[in-house]
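Some notes on the structure that comes next.
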Amino acid sequence: MENTGRKSKVIAMANQKGGVSKTTTTVNLGIGLAKAGKKILLIDADAQGSLTASMGIREPDKLKETLAAVITSVMEGQEVEAGFGILTHEEGVQFLPANIDLAAVEVSLISAMSREYMLKEYIEAVAPYYDYIIIDCMPSLGMLTINALAAADTVLIPLQAQFLSLKGLEQLIATIMRIKKRINPALDFEGILLTMVDARTNYAKDIMELVRENYGQIIPVFENYIPLSVRVAEASAEGKSIFVHDPKGKAAEAYGILTKEVLAHGK
């Protein structure tokens, strides 16, 4: 692994609600940044292994070198080699996979000393090798998500344009603010990204307006949104990005714009 000699920007992709395009956004933002010439590491911090599957790994549970093994080593005070467990995707990103073993590790984290900082310790060791590290969090506010937020510079919140998603946003923001106060004072918001938007409906437009009105003053809301597209799900099932699966489609265009917005935020 080549040491870039500079600290990467760490982005936690977080929302305690499932099905809001966290994994899809992690994959396509990561690959978008790689296409822009950046060195990228994606970390699958979900025991369901959705990111790992989206990277084309068909049987994640057979993997031995995963995030679970990394965190276990850190908890036991063992040094983890920078390249341990890291796989390379054909579209130019590297990723640290996860599988069901991570569920047991999360339980053991509860009684670990400095339990909030296990992932941070690992990330600090690999940070010099990457420009961006993006953590795909599990759909809960458990110990692994807290670890991701403790390690992150910013948090990006994918939000489905639906009323129930909006209701959970307040709880998520409150949790993030508590972590900022007690664990990671440097944590900031990358922004709220509206996903799975059917822009033809007034309902989706109303939700987008509500988000901008209620949260836009305190948290950046991305100008761009991700449209509802079956192509995105197809790309994940094939282990490819939307840029390869449907390069001329609206979702690919939207993820391209998101990439530019994130790059414009700088480090």
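The values are calculated or read from the model by the stated rules, or taken from the named source; none is laboratory data. Just so you know, these numbers come straight off a predicted model, no measurement behind them. When we count neighbours, we look across all protein chains shown, and the Cβ atoms used for this are built from the backbone with ideal geometry, even at glycine. These accessible areas exclude ligands, DNA and RNA; they are computed on the full protein's heavy atoms, side chains included. Shrake-Rupley method; radii C 1.70, N 1.55, O 1.52, S 1.80 Å.
Of the residues THR154, THR175, the single one that is closer than 25 Å to ALA47 by Cβ and touching a His at 6+ places or on another chain (Cβ under 9 Å) is THR154.
Give, as residue ranges, the helices (runs of 4 or more DSSP H) completely inside region 199-251 that count at least 3 residues that are open to solvent by 70 Å² or more (accessible area, probe 1.4 Å). Reasoning before the result, please.
On the way: elements: 202-215, 230-238, 242-245.
The helices (runs of 4 or more DSSP H) meeting that bar are 202-215, 230-238.
Taking residues in region 176-201 that are under 20 Å from LEU144 (Cβ atoms) and hydrophobic (A, V, I, L, M, F, W, C), and partners anywhere that are assigned to a strand (DSSP E or B) and modelled with pLDDT under 95, not one pair has Cβ atoms closer than 6 Å while being at least 6 places apart or on different chains. From the list ILE146, ILE192, the lone residue that is out of contact with any Ser or Thr (no Cβ under 7 Å at 6 or more places or on another chain) and part of a helix (DSSP H, G or I) is ILE146.
Taking the criterion of being open to solvent by 10 Å² or more (accessible area, probe 1.4 Å) and within 23 Å of GLY266 (Cα to Cα), the residues of region 152-168 that qualify are ASP153, THR154.
A quick yes/no check of all residues on (1) modelled with pLDDT of 95 or more; (2) within 19 Å of THR145 (Cα to Cα):
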position: GLY37; (1), (2): yes, no
position: LEU41; (1), (2): yes, yes
position: LEU51; (1), (2): yes, yes
position: GLY56; (1), (2): no, no
position: PRO60; (1), (2): no, no
position: GLN78; (1), (2): no, no
position: ARG115; (1), (2): no, yes
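The sole residue among ILE146, ILE183 that is open to solvent by 10 Å² or more (accessible area, probe 1.4 Å), over 20 Å from SER21 (Cβ atoms), within 15 Å of the chain's Cα centre (by Cα) and aliphatic (A, V, I, L, M) is ILE146. If you check LYS180 against the conditions, is it part of a helix (DSSP H, G or I) and at pLDDT 90 or above? Here the answer is yes, as LYS180 does meet what is asked. Taking every residue in region 134-145 that is free of Cβ contacts under 8 Å to residues at least 40 places away in the same chain and pairing it with any residue that is of a type outside the set (A, V, I, L, M, F, W, C), at least 6 positions away or on another chain, the pairs with Cβ-Cβ distances below 8 Å are GLY142/GLU106; MET143/GLU106; MET143/ARG115; MET143/GLU116.
In region 117-135, the qualifying residues are those that are assigned to a helix (DSSP H, G or I) and among the hydroxyl-bearing types (Ser, Thr, Tyr), and the one that is nearest to ALA150 (Cα to Cα) is TYR117. Within region 150-167, the set of residues being in contact (Cβ under 8 Å) with a residue 12 or more places away in the chain and out of contact with any Leu (no Cβ under 9 Å at 6 or more places or on another chain) comprises GLN162, LEU164. Cβ-Cβ distances below 8 Å connect the following pairs, each with a first residue in region 24-43 that is among the small types (Gly, Ala, Ser), a second residue that is in a loop (DSSP other than H, G, I, E, B) and surrounded by fewer than 24 Cβ atoms within 10 Å (Cβ to Cβ), and a separation of six or more residues or different chains: ALA34/GLU91; ALA34/GLY92. For region 110-134, the candidate set comprises residues that are of a type in the set (Ser, Thr, Tyr) and open to solvent by 60 Å² or more (accessible area, probe 1.4 Å); within that set, the residue that is farthest from the chain's Cα centre (by Cα) is SER111.
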